[in-house]
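The values are calculated or read from the model by the stated rules, or taken from the named source; none is laboratory data. Note that the coordinates shown come from a computational prediction; the quantities given were computed from them, not determined experimentally. FYI the Cβ positions are ideal-geometry reconstructions off the backbone, even for glycines, and counts take in every protein chain you see.
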Amino acid sequence: MLVRPVAAETLTLPLPAGRETHFAFESGLLELALQYAPGDHSLEVISLEGLSQKRMFNMLENGRFDVMHLALHELRTQSVMNLLSQHGLMVYQNLLVRYPYDFYFYVRRDSKPLHDLIEQGFQAATENGVIDKYFQAHPGIAYATRFLQDHPDLRIIDLGNPEMTENNSADIHRYWLEH
């Protein structure tokens, strides 16, 4: 099978309009992968209306469900703090539900060269130690680390994730903050 190699190009990442800083950690990881991938690539973040976490806050406030997931590193982002305040919601600080999961970047099914490029970039950045440095330097991760240190009596409920196997998540646990 002949496949056109991925040349120097700009890759696009859609994010909910107004939420670019909220997803800065994830988009930063993808930028690192592109920096360490073969070739010369850049990332363009495209803001799209309608992709909104605000809808979930509205549904929570209106009783459509009772609890909403927020990752610990998301709590101090300005957009989440604003939404919590606007909707009169609070974070219950004595309980943490820990649910390990990977997050993925998806490409079109016919984009195998792009998939391979991003995977090579992540592998090279991981081997170089850049991913670990980026992870530890992120303000949200620093907040999560402090939160765990400041709450020694935090009750933690661990939920298993049957989707996480050694095939897809062998190295992910080193990024989970222990309490």
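Points worth noting:
- Against the criterion of being outside any loop (DSSP other than H, G, I, E, B), modelled with pLDDT of 70 or more and farther than 24 Å from Ala33 by Cα, Leu89 does not qualify.
- Selection status of Arg55, surrounded by fewer than 14 Cβ atoms within 10 Å (Cβ to Cβ) and either of a type outside the set (Ser, Thr, Tyr) or modelled with pLDDT under 75 (or both): yes
- Taking region 133-170 as the range and being without any contact (Cβ under 8 Å) to a residue 12 or more places away in the chain and not in a loop (DSSP other than H, G, I, E, B) as the test, the residues that pass are Lys133, Gln136, Ala137, Ala142, Arg146, Gln149, Asp150, Glu166, Asn167.
- Among residues of region 70-90, those that are under 12 Å from Phe57 (Cβ atoms) and either within 16 Å of the chain's Cα centre (by Cα) or β-branched (Val, Ile, Thr) (or both), counted: 3
- All positions within region 99-124 that are in contact (Cβ under 8 Å) with a residue 12 or more places away in the chain and either part of a loop (DSSP other than H, G, I, E, B) or touching a Cys at 6+ places or on another chain (Cβ under 9 Å) (or both): Tyr99, Pro100, Tyr101, Asp102, Phe103, Phe105
- Of the listed requirements (1) without any contact (Cβ under 8 Å) to a residue 60 or more places away in the chain; (2) closer than 24 Å to Glu166 by Cα; (3) aromatic (Phe, Trp, Tyr), Tyr92 misses just one: (2).
- Of the criteria (1) at pLDDT below 70; (2) assigned to a helix (DSSP H, G or I); (3) surrounded by fewer than 16 Cβ atoms within 10 Å (Cβ to Cβ), which one Met68 fails: (2)
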